[in-house]
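S.K.: The structure is given below, and queries will be raised subsequently.
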Amino acid sequence: GVQRLTDVFNEFSLVAINCGDCLWLEEQEDASRLPEQLMLVQSMAEALGITTGDAGTRPSSAQFDWPIHKNRQLDQGEEAARSSVAGFIQRKLEQRRCRGLVLLGAGCEQRLALNQLDCPQVVRTVSTAEMLRNPLLKRQVWQDLQPLLRPA
């Protein structure tokens with residue numbers, strides 16, 4: 001059927017992590033795990049050789065919460081959500097001059113209109129939350145991240 005403007009797409013939060021010359025995006029399930037997730041992203045970036053080289057450089061994160069407003073007269077549907085996320089991500093990619101976007105977990109790709117992004121490289125892998133629950137997934141993640149590997 002036709003979607004009414006008052007229909008609100010599911011509420012969600014995404015965390016965009018700047019680390020190295022890539023932006024890492026993940027749906028935030030549990031904010032209390034964020035420090036562990038940031039450390040894991042930093043470790044992956046260091047292993048790939050994509051960090052800035054400064055030993056003290058820590059990843060920074062920004063959160064995107066949907067819906068971004070409570071105005072029922074404005075579209076809060078799925079396409080509006082996906083476009084809003086794409087705008088948020090595109091600004092982050094440009095601000096940091098990122099060469100790649102890492103989608104952590106299948107959930108975040110569904111939240112994002114990828115066709116609206118201008119990003120040279122998009123890599124998909126499992127979420128850090130999944131890796132923290134099941135460390136055996138790290139081998140699969142390493143394979144998924146190979147396109148981002150910087151030559152030594």
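S.K.: Given the conditions (1) closer than 17 Å to SER13 by Cα; (2) at pLDDT below 95, which single one is not true for ARG97?
M.R.: Condition (1) is where ARG97 drops out.
S.K.: I would also like to ask the following. Can you tell me which condition GLU79 does not meet? The list is (1) touching a Leu at 6+ places or on another chain (Cβ under 9 Å); (2) open to solvent by 90 Å² or more (accessible area, probe 1.4 Å); (3) modelled with pLDDT under 90; (4) of a type in the set (Asp, Glu), and all the others hold.
M.R.: Exception for GLU79: condition (1).
S.K.: In addition: Return yes when ARG58 is surrounded by fewer than 18 Cβ atoms within 10 Å (Cβ to Cβ), charged (D, E, K, R) and within 16 Å of CYS22 (Cβ to Cβ) and no when it is not.
M.R.: In short, yes.
S.K.: Residue pairs, Cβ under 7 Å, 6 or more apart or interchain, first in segment 123-148 and of a type in the set (A, V, I, L, M), second open to solvent by 60 Å² or more (accessible area, probe 1.4 Å). List them.
M.R.: So the pair list comes out as VAL123/PRO147; VAL126/GLN140; ALA129/GLU29; ALA129/ARG33; MET131/LYS138; LEU132/ARG33; LEU132/GLU36; LEU137/GLU130.
S.K.: Sticking with this structure for a sec: Checking the condition of a type outside the set (D, E, K, R) and under 21 Å from ASP21 (Cβ atoms), which residue from LEU117, LEU136, LEU132 passes? Let's see the steps before the verdict.
M.R.: Values: LEU136 fails: under 21 Å from ASP21 (Cβ atoms); LEU132 fails: under 21 Å from ASP21 (Cβ atoms).
That would be LEU117, the only listed residue that is of a type outside the set (D, E, K, R) and under 21 Å from ASP21 (Cβ atoms).
S.K.: Those residues that are more than 20 Å from GLN42 (Cα to Cα) and open to solvent by 10 Å² or more (accessible area, probe 1.4 Å), I need them from segment 95-129; list them, please. So that I can check it myself, show each step before the final result.
M.R.: Of segment 95-129, the ones more than 20 Å from GLN42 (Cα to Cα) are 106-107, 109-120.
Listed by number, the residues that qualify are ALA106, GLY107, GLU109, GLN110, ARG111, LEU114, ASN115, GLN116, LEU117, ASP118, CYS119, PRO120.
S.K.: Just one of (1) under 14 Å from the mean Cα position of the chain (by Cα); (2) at pLDDT 90 or above; (3) open to solvent by 20 Å² or more (accessible area, probe 1.4 Å); (4) not small (Gly, Ala, Ser) trips up GLU36, so point out which.
M.R.: (1)
The values are calculated or read from the model by the stated rules, or taken from the named source; none is laboratory data. All figures in this text were calculated on a predicted structure; none of them were measured in a lab. For neighbour counting, all protein chains shown are included, and Cβ atoms are generated from backbone atoms with ideal geometry for every residue, glycine included. The protein model used for the area step is the full one, side chains on, heavy atoms only, and it has no ligands, DNA or RNA in it. Shrake-Rupley method; radii C 1.70, N 1.55, O 1.52, S 1.80 Å.
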